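Okay, structure first, notes after.
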Amino acid sequence: MKKFALQTAAGLGLLFFSCHTAIAEEIGVPAQGGHPEYLFLEKVPQEQGRATAEMISQALAIGRLVIFSHMKKLTDPELGDKGFTGDYFVEQWLAALEPQLMDVTPVQQRILDKLIWAGKLSIDNNQDRLNVKGTGWKHFLPAKWAREAGLMFNSRTGIVTRQPARNYRHPSNAPDSMDKAVLTRFIQPDHDGKPYGEETMMGKQPVYRYFEPVELMEPCLACHGKPEGELDVLGYKKDGLEAGDVIGMISVAVPIEGPSGK
Ligand code: HEC
C-alpha cells in the first residue's frame, strides 16, 4: 500500500512536471481576461461619469504644467534645496485649478481631495531626488509626477489614470487596445484636438473612459523632437515630432453606477 502510494506520488510528480514544462514555454505574457483593478472604491452616478473623468484629467494636465513651469529651477545643477515642497506645489496647483472647479459635487470633491493628496505625496516623495546638488537631470518631470500621483490615487480610489503615448518611455504607459484606437484618431492631421470619452467595461465594472490629447511644446522637443532616432539626453531615441503634435494622452477611467452601470 505504502509502495503504491509512493509510486502514485512519483507518477503525479512526473505528470505535473511535464505539464509544467509544456505550459512554461512562453513566459512573461499578459494574463488573459480580467482587469488589474478589481475593487473600485470610488464610484460616481452614471450622469457624473464624464464630468468627473474630465475633472481628473484637467487636474493632472494642470499639475503637469505647474511642474513644467518650474523645470528650469528643478534642473539647475548649482541649486541644492529647491523649496519645491509638496505644500508649495499644492498651493500653486490649487490656485491654477480653482477656476475649473465650479460645480463640484460632494462625491467629486472627495475624489479630488484624494487626487490632491496623491499629487502632493509624489512631490514629497521626490524631495531627496529634487534637492540633489551638482546634477542637472534628476529624472523628475511632469510625466513622472502624473504617473506616480496616478498610481497613488489609484490605490485610494480604484480610478485608473495613465498617459499612453505613441512611443511610450515608461512601461506603465503602454496603451491598451482602446487607448491605441483613440490615440490613432488623435494623431490624424485633421483631428479637431477635442477630448473623447465613452462608457465601457473594465472587467466587470462599468466605467466612463476619457481621453485628452497631450500636445508637445517647444521645450519638449529636446527629447521628443527631431531628428528622429537621435539619442536624447537620457539615451532614448527621439520621437521625431514637432511642437503642436499630439504625443500621447491623459487616459482616465472612472467607475460609474446607475442605469447602465449598476
Ligand atoms: C529630458 C527629456 C524629456 C523632455 C524634455 C520631455 N519628456 Fe516626456 N518623457 C520623458 C521621460 C523619461 C518619460 C518617462 C517618465 C516616467 O514615467 O518616469 C516621459 C514621458 C512622457 C509621457 C508619457 C508617456 C511615456 O513616454 O511614458 C508624455 C505624454 C510626455 N512625456 C510628454 C511630454 C511633453 C508634453 C513634454 C514637454 C512639456 C515632455 N514630455 C518633455 C522625457 C522627456
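So I62 passes all but one of these: (1) farther than 23 Å from P171 by Cβ; (2) open to solvent by 40 Å² or more (accessible area, probe 1.4 Å). Which condition number does it fail?
So I62 meets the others, but not (2).
Criterion first (open to solvent by less than 60 Å² (accessible area, probe 1.4 Å) and of a type in the set (D, E, K, R)) does E230 satisfy it?
no
Considering the stretch 127-149 alone, what residues qualify as being part of a helix (DSSP H, G or I) and in contact (Cβ under 8 Å) with a residue 60 or more places away in the chain? Reasoning before the result, please.
So the first thing to find is which residues in the stretch 127-149 are part of a helix (DSSP H, G or I), and the list is 127-130, 142-149.
Correct list: P142, A143, W145, A146, A149.
Within 14 Å of the ligand (Cβ to nearest atom), among the polar types (S, T, N, Q) and either surrounded by fewer than 18 Cβ atoms within 10 Å (Cβ to Cβ) or at pLDDT 95 or above (or both), is that true of S172?
Numbers: within 14 Å of the ligand (Cβ to nearest atom): yes; among the polar types (S, T, N, Q): yes; either surrounded by fewer than 18 Cβ atoms within 10 Å (Cβ to Cβ) or at pLDDT 95 or above (or both): yes.
Criteria met by S172.
All but one of (1) without any contact (Cβ under 8 Å) to a residue 40 or more places away in the chain; (2) open to solvent by 40 Å² or more (accessible area, probe 1.4 Å); (3) more than 19 Å from M71 (Cβ to Cβ); (4) not in a helix (DSSP H, G or I) hold for A243; state the number of the condition that does not hold.
Unmet condition: (3).
Right, M152: more than 16 Å from the ligand (Cβ to nearest atom) and either part of a loop (DSSP other than H, G, I, E, B) or not charged (D, E, K, R) (or both) or not?
no
When P189 is evaluated against the numbered criteria (1) of a type outside the set (F, W, Y); (2) more than 16 Å from the ligand (Cβ to nearest atom); (3) over 26 Å from T75 (Cα atoms); (4) surrounded by 12 or more Cβ atoms within 10 Å (Cβ to Cβ), which criterion, by number, is the only one it fails?
It is condition (4) that P189 fails.
If I filter the stretch 200-210 for residues that are within 16 Å of the ligand (Cβ to nearest atom), free of Cβ contacts under 8 Å to residues at least 60 places away in the same chain and crowded, with 19+ Cβ neighbours inside 10 Å, do I get at least one hit? Even if it seems obvious, please write down each step before you answer.
Initially, the stretch 200-210 is screened for residues within 16 Å of the ligand (Cβ to nearest atom), giving 210.
Among the residues that remain, those that are also free of Cβ contacts under 8 Å to residues at least 60 places away in the same chain are: none.
Checked against the condition, which is being within 16 Å of the ligand (Cβ to nearest atom), free of Cβ contacts under 8 Å to residues at least 60 places away in the same chain and crowded, with 19+ Cβ neighbours inside 10 Å, the stretch 200-210 yields no hits at all.
Give the residues of the stretch 100-109 that are within 19 Å of L41 (Cβ to Cβ) and surrounded by 13 or more Cβ atoms within 10 Å (Cβ to Cβ), sorted by residue number.
Taking the stretch 100-109 first, the residues within 19 Å of L41 (Cβ to Cβ) are 104-109.
Within the stretch 100-109, V104, T105, V107, Q108 qualify.
The values are calculated or read from the model by the stated rules, or taken from the named source; none is laboratory data. From a predicted model like this one, the values you see are computed outputs, not experimental measurements. Every residue, glycine among them, receives a Cβ derived from its backbone with ideal geometry; neighbour counts consider all protein chains shown. Keep in mind that these areas ignore ligands, DNA and RNA; they rest on the heavy atoms of the full protein, side chains included. Shrake-Rupley method; radii C 1.70, N 1.55, O 1.52, S 1.80 Å.
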